[in-house]
Amino acid sequence: MFLRPSLSRAMLLGSRSSSATPRLAPFLRPQSRGYSSSVDSSVEPIRGLDLGVAHSKLLLRTVASMRGNTELQAQGVSEGDSKKMNMCQAINDAMRHTLASDDTAVVFGEDVAFGGVFRCSVGLAEEFGNERIFNTPLTEQGIAGFAIGMAAMGHTAVAEIQFADYIFPAFDQIVNEAAKYRYRSGNEFNVGGLTIRAPCAAVGHGGHYHSQSPEAFFAHVPGLKVVVPRSPIQAKGLLLAAIRDPNPTLFFEPKILYRSAAEQVPTDDYVLPLSKAEVVRAGKDVTVVGYGAQMYALENAIQMIERDMPGVTCELIDLRTILPYDADTVAESVMRTGRLVVAHEAPRTQGFAAELAAEIQERCFLRLESPIERVCGLFVPHPLVFERFYMPCAVRCYEAIRRSLTY
């Protein structure tokens with residue numbers, strides 16, 4: 001079966017009825033297939049709007065916008081030097097700062113000494129030596145176990161799992177060893193120096209072994225922290241915070257953003273707070289929550305909602321940390337708006353959106369004006385040719401926000 005421009009409205013938008021469907025269907029058009037992470041293929045160009053990462057207002061592309069950021073001001077780096085970096089370069093810069101300031105720090109993983117398959121560690125081996133930046137055998141369980149051992153002996157261990165899809169052989173080491181190390185020793189020992197990086201989420205052509213978002217598996221585990229950044233500035237500050245946090249941390253990097261997202265990133269060392277959500281866009285009528293690359297689909301959906309429903313404003317929140325997550329910021333917003341829409345790429349069933357929906361329902365039940373909406377990946381293995389239909393794109397997010405507002 002081949003995809004053709006003549007796909008029916010039912011195939012494009014699903015069979016469920018929605019007041020938004022007739023309005024959006026004429027503006028959908030076939031989408032070319034992208035083979036690079038620099039191509040943002042997660043959204044449709046609808047009615048001439050400039051959509052996608054390339055046109056996002058969430059990115060701080062100018063020096064002036066970077067200097068106006070309150071978190072960077074609080075860190076004292078907003079007035080210093082900055083450099084245009086994509087997310088890959090920002091992650092590289094964070095690891096460079098770590099290696100330069102911490103003699104115990106080591107970086108390792110499959111092909112890491114060569115720069116890694118996404119080039120996030122390029123140049124580090126030449127600068128800091130092969131004893132601190134080195135390749136490992138192709139064994140994710142071994143990488144995690146070795147990292148736990150180094151962290152237990154006092155090192156700052158930054159391990160890379162080449163794709164988040166490959167992390168499952170290391171599940172036992174992460175869940176039964178790293179997460180429980182402090183607890184089972186009565187706080188006599190810990191592996192707080194452990195950070196595991198892993199490229200995650202869809203990229204347009206990865207299929208079921210190179211596109212998964214496994215954060216919900218680990219968000220169920222006490223003793224871990226789980227972080228997902230949305231941009232270069234966020235990636236650098238959150239990665240440095242994760243590395244320095246006294247708990248083992250999983251740092252999932254949406255790989256489609258490695259080269260498609262670029263910002264003016266401070267060259268100085270700085271950290272951004274873990275377990276603190278960021279309100280990136282204020283609004284009064286509905287709270288919209290996401291993290292990672294999903295933030296851009298949500299931004300586009302909000303643009304369409306506010307165009308089609310004059311007077312409506314949407315509050316957009318980036319969770320940033322999935323475990324422990326900032327329920328207080330979300331609840332405070334929902335208490336004002338009365339509505340909540342949560343979106344992520346991972347499948348809907350048992351996804352992280354279900355946890356957040358349950359928590360907010362408990363806290364805000366008497367203030368809710370409509371059912372909490374979840375917009376997620378479909379409950380199927382991540383597809384290759386049908387990835388476009390799997391994704392919680394801007395159109396699906398638009399429909400969910402509209403349902404919430406018109407309930």
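The values are calculated or read from the model by the stated rules, or taken from the named source; none is laboratory data. Note that the structure is predicted; figures quoted are calculated from it, not measured. Cβ placement follows ideal geometry from the backbone for every residue including glycine, while neighbour counts extend to all protein chains displayed. Surface areas here come from the heavy atoms of the whole protein model, side chains and all, with no ligands, DNA or RNA. Shrake-Rupley method; radii C 1.70, N 1.55, O 1.52, S 1.80 Å.
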> Picking from Ala277, Ala282, Ala293, Ala297, which residue would you name as being open to solvent by 40 Å² or more (accessible area, probe 1.4 Å), of a type in the set (Gly, Ala, Ser) and touching a residue at least 12 places away in the same chain (Cβ under 8 Å)?
Replying inline: Ala282
>> Please verify whether Val395 is open to solvent by less than 40 Å² (accessible area, probe 1.4 Å) and β-branched (Val, Ile, Thr), treating the condition exactly as stated.
In response: yes
>> Being of a type in the set (Gly, Ala, Ser), over 18 Å from Asp326 (Cα atoms) and buried (at least 21 other Cβ atoms within 10 Å of the Cβ) is the requirement here; does Ala241 meet it?
In response: no
>> Just to be sure before I move on: is Val341 touching a strand residue (DSSP E or B) at 6+ places or on another chain (Cβ under 8 Å) and either on the phi > 0 side of the Ramachandran plot or part of a strand (DSSP E or B) (or both) in the structure I sent?
In response: yes
> Which one of these does His382 not meet: (1) outside any loop (DSSP other than H, G, I, E, B); (2) in contact with an Asp or Glu (Cβ under 9 Å, 6 or more places away or on another chain); (3) within 20 Å of Ala216 (Cα to Cα)?
Replying inline: (1)
>> For the stretch 220-234, give me each residue that is surrounded by 20 or more Cβ atoms within 10 Å (Cβ to Cβ) and assigned to a loop (DSSP other than H, G, I, E, B).
In response: Leu224, Val228, Pro229, Arg230, Ser231
> Does the stretch 123-141 hold any residues that are open to solvent by less than 30 Å² (accessible area, probe 1.4 Å) and either part of a helix (DSSP H, G or I) or at pLDDT below 95 (or both), and which are they?
Replying inline: Leu124, Ala125, Glu140
> Does any residue of the stretch 195-216 turn out to be buried (at least 19 other Cβ atoms within 10 Å of the Cβ), more than 21 Å from the chain's Cα centre (by Cα) and under 24 Å from Met95 (Cβ atoms)?
Replying inline: no
> If only one of Gly145, Gly206 is at pLDDT below 95, out of contact with any Pro (no Cβ under 8 Å at 6 or more places or on another chain) and not assigned by TED's automatic domain parsing to the domain that holds Thr349, which one is it?
Replying inline: Gly206
> Of the residues Glu355, Glu373, Glu359, which single one is touching a residue at least 12 places away in the same chain (Cβ under 8 Å), open to solvent by 40 Å² or more (accessible area, probe 1.4 Å) and in contact with a helix residue (DSSP H, G or I) (Cβ under 7 Å, 6 or more places away or on another chain)?
Replying inline: Glu359
>> I'd like the residue in the stretch 307-342 that is acidic (Asp, Glu) and at pLDDT 95 or above and, out of all such residues, is nearest to Arg367 (Cα to Cα).
In response: Glu332
> Does any residue of the stretch 87-107 turn out to be at positive phi and free of Cβ contacts under 8 Å to residues at least 24 places away in the same chain?
Replying inline: no
> For the stretch 107-122, what are the residues that are buried (at least 23 other Cβ atoms within 10 Å of the Cβ) and outside any helix (DSSP H, G or I)?
Replying inline: Val107, Gly109, Gly116, Cys120, Ser121
>> Go through the stretch 72-101 and report how many residues are open to solvent by 40 Å² or more (accessible area, probe 1.4 Å) and either outside any loop (DSSP other than H, G, I, E, B) or within 25 Å of Val122 (Cβ to Cβ) (or both).
In response: 11
> If you check Tyr258, Tyr291, which single one turns out to be within 30 Å of Ala100 (Cβ to Cβ), in contact with a Cys (Cβ under 6 Å, 6 or more places away or on another chain) and modelled with pLDDT of 95 or more?
Replying inline: Tyr258
> If you go through the stretch 300-325, how many residues are in a strand (DSSP E or B), of a type in the set (Val, Ile, Thr) and open to solvent by 10 Å² or more (accessible area, probe 1.4 Å)?
Replying inline: 0
>> Restricting to the stretch 332-345, give me the number of residues that are open to solvent by less than 10 Å² (accessible area, probe 1.4 Å) and in contact with a helix residue (DSSP H, G or I) (Cβ under 6 Å, 6 or more places away or on another chain).
In response: 7
> For the stretch 144-164, does any single residue satisfy the condition of being open to solvent by less than 40 Å² (accessible area, probe 1.4 Å), free of Cβ contacts under 8 Å to residues at least 60 places away in the same chain and at positive phi?
Replying inline: no
